[in-house]
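Enquirer: Handing you this structure, nothing more for now.
The values are calculated or read from the model by the stated rules, or taken from the named source; none is laboratory data. In this text the structure is predicted, and so the values were computed from the model without any measurement. Here the Cβ positions follow ideal geometry from the backbone for every residue, glycine too, while neighbour counts run over all protein chains shown.
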Amino acid sequence: MFKTRNHNDAPVVLQTSGLTVSLPETPGNLKVLKSIDVTIRHSETVCLVGESGSGKSVTSLAIMGLLPQALKVAGGSIQLQGRDLLPLSQAQMRDLRAARVAMIFQEPMTALNPVLRVGDQIMEVMELHTDLPAAERRRRAVAIMEQVHLPDVDRIFRSYPHQLSGGQRQRIMIAMALVLEPVLLIADEPTTALDVTTQKQILALIDELQQNHGTAVLFITHDMGVVAEIADTVYVMKRGEIVEHGPVDALLRQPRAEYTRQLLKAVPSLSPRPARPEADDAVLRVERLNKIYGGGGILRKLPQAHAAKDVGFTLSRGRTLGIVGESGSGKSTVARCIMRLIDPSSGRIMLDGSDIAGLSRAALRPHRKKLQVVFQDPMRSLNPRWTIAASLIEGPLNYGTSRADALAEAARLMDVVGLPQDALGRYPHQFSGGQRQRIAIARAVMMRPDVLVADEAVSALDVSVQAQVLDLLHQLQRDLEIAIVFITHDLRVAAQICDDVIVMQRGAVVEHGPASEVLAAPAHAYTRALIDAAPGRSWDFQNFREMPKVPHAEPA
């Protein structure tokens, strides 16, 4: 359901007028932002949406005074409660940050200091911007941690970032941002990497704190489901320009710009697609797979963590098995065991009839080419110092393919994944995120694998690029009959690509069956909770209309 708050009479907190940002060192003084006009009022949530490269994050960095040196504001104004921010010095902007305007970033692990306890980091914000004594700073830090609903506050106060879950780290970021009660909160993709239930909790938390503190929120996202849940007003950006804006209800029901219509139509539906016929030949069979961490120790026995408990499934050629669940459910553990990136504690992994679960690293080598993986972040899995050609041909060369044949296949695959052949001579940083993921897929397919493991392979991509990558996987699967194990926390993506779905909770499989049954008529309460938590689940984005919420039928 949409928000129904009316902010037309509320005071203006932020107003950008004609904001223009350029790259002065480029020929023609290239414009990155072109005359951006955005207005945010007291207690209002404004969503800024668009594809990667549209200028969303540049807009937020300009407001915060954090533009990189290569970018310069070339015109316009940024008014915060009537005060123009552009003439302010860096020292004056530092005084405003956190105190008047604060920001939550997408990845808290890169924003939080890894060697400081999180409680000290919250107190540091107050130390920099107030004259409060240490005891009062600690009291306020504990109070804001309680407001963001962190459990066991005393323990978490003393914890380091790596000792917390992703959702808890994001709550710490929100606490740091709001501890001084700023008038404007900028949230840059704060829920993109979170699973659906944690995402729902964070969105509800931001809304609750906004109501309690009257904070204006600028929320940057590419997820239209999130927009439908939280926005009051939406601005759609494309190539540095605002192409459309308006109240969320009107914009989603009657989008005027063709670009907005394309963004909405690219959102995958929660309705599962028809399953492909199941073949008799099982290329991958997992039987009673277990992975247990801990339990050792010299002086004392360490506690055990059962990351995977008796997991079993069968996968045929040309079909896709989805493994879904929250962070910590065991999805990636199962994937890494299948790939033998980690050793299973027990169980069998039958690949084309051979059990690879207990093989040594040397004995695994002949089987490696049959198993390939595509990770979530291709920038971390591609060697930044190698050309694309070098990355693609490495695997085939290691298995005896001639350099000429490997390069010919790499050139052919560039056409298949929709990239020009001259891309082979370039480096990973010269491509967009979606292009890098296409390259990572091409590298995996170079080995002509029987099984492809995709571990959150599209979760960091915006919806239009995500749709293109999913189409590419479907095309490759159809042409090569590759079996795919698809790890995801996005149920919309699972509905569009998976034939069968496994739902995992705390290491165990709680539901397993055809996607058309598991996602359309879930039998387990945990599966129903995951589906209910999907943002915008009641919205039919392709047809620009909201669907009535239909409660799940209780299993007999």
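Enquirer: Have a look at ALA143, ALA177, ALA187, ALA135 and point out the one that is within 18 Å of ALA98 (Cα to Cα), surrounded by fewer than 18 Cβ atoms within 10 Å (Cβ to Cβ) and aliphatic (A, V, I, L, M). Can you show your working first?
Expert: Details: ALA177 fails: surrounded by fewer than 18 Cβ atoms within 10 Å (Cβ to Cβ); ALA187 fails: surrounded by fewer than 18 Cβ atoms within 10 Å (Cβ to Cβ); ALA135 fails: within 18 Å of ALA98 (Cα to Cα).
Among ALA143, ALA177, ALA187, ALA135, only ALA143 is within 18 Å of ALA98 (Cα to Cα), surrounded by fewer than 18 Cβ atoms within 10 Å (Cβ to Cβ) and aliphatic (A, V, I, L, M).
Enquirer: Somewhere in the range 35-53, is a residue at negative phi, among the small types (Gly, Ala, Ser) and surrounded by 12 or more Cβ atoms within 10 Å (Cβ to Cβ)?
Expert: Yes, that holds for at least one residue.
Enquirer: Could you grab me the full set of residues in the range 238-296 that are in a loop (DSSP other than H, G, I, E, B) and without any contact (Cβ under 8 Å) to a residue 60 or more places away in the chain?
Expert: ARG256, ALA257, PRO277, ALA279, ASP280, ASP281, GLY294, GLY295, GLY296
Enquirer: Enumerate the helices (runs of 4 or more DSSP H) found wholly within the range 14-133, keeping only those where 2 or more residues are modelled with pLDDT under 95 and more than 29 Å from LEU264 (Cβ to Cβ).
Expert: Hits in the range 14-133: 90-96, 108-111, 118-129.
Enquirer: Residues in the range 539-554: is at least one within 24 Å of the chain's Cα centre (by Cα), closer than 22 Å to THR197 by Cα, surrounded by fewer than 22 Cβ atoms within 10 Å (Cβ to Cβ) and at pLDDT 90 or above?
Expert: no
Enquirer: Only one residue in ASP462, ASP471, ASP479, ASP455 is more than 25 Å from SER316 (Cα to Cα) and of a type in the set (Asp, Glu). Which one? Even if it seems obvious, please write down each step before you answer.
Expert: Details: ASP471 fails: more than 25 Å from SER316 (Cα to Cα); ASP479 fails: more than 25 Å from SER316 (Cα to Cα); ASP455 fails: more than 25 Å from SER316 (Cα to Cα).
It is ASP462.
Enquirer: Six or more apart or on different chains, Cβ under 6 Å: which pairs go from a residue in the range 91-114 that's at positive phi to one that's in a loop (DSSP other than H, G, I, E, B) and among the aliphatic types (A, V, I, L, M)? Could you list them?
Expert: Matching pairs, first to second residue: ALA98/LEU180.
Enquirer: Going by what's in this entry, would VAL458 be described as aliphatic (A, V, I, L, M), outside any loop (DSSP other than H, G, I, E, B) and not assigned by TED's automatic domain parsing to the domain that holds SER57?
Expert: So VAL458 fails the test.
Enquirer: Could you pull out the residue among ALA406, ALA357, ALA410, ALA363 that is hydrophobic (A, V, I, L, M, F, W, C), over 18 Å from GLU456 (Cα atoms) and surrounded by fewer than 18 Cβ atoms within 10 Å (Cβ to Cβ)?
Expert: So the residue among ALA406, ALA357, ALA410, ALA363 that is hydrophobic (A, V, I, L, M, F, W, C), over 18 Å from GLU456 (Cα atoms) and surrounded by fewer than 18 Cβ atoms within 10 Å (Cβ to Cβ) is ALA363.
Enquirer: Same structure again: Any residue in the range 348-370 that is more than 19 Å from LEU452 (Cβ to Cβ) and of a type in the set (Asp, Glu) sitting within a Cβ distance under 8 Å of a residue that is modelled with pLDDT of 90 or more and surrounded by 15 or more Cβ atoms within 10 Å (Cβ to Cβ)? List the pairs, counting only those 6 or more apart or interchain.
Expert: From the range 348-370, the pairs are ASP355/ARG348; ASP355/ILE349.
Enquirer: Further, regarding this structure: Restricting to the range 61-86, name every residue that is buried (at least 20 other Cβ atoms within 10 Å of the Cβ) and under 24 Å from ASP462 (Cα atoms).
Expert: Correct list: ALA62, ILE63.
Enquirer: Which condition does TRP539 not pass, out of (1) in contact with a strand residue (DSSP E or B) (Cβ under 8 Å, 6 or more places away or on another chain); (2) farther than 18 Å from GLY225 by Cβ, if it passes all the others?
Expert: Failing condition for TRP539: (2).
Enquirer: When you scan the range 272-292, how many residues do you find that are modelled with pLDDT under 85 and surrounded by fewer than 15 Cβ atoms within 10 Å (Cβ to Cβ)?
Expert: Selection size over the range 272-292: 6.
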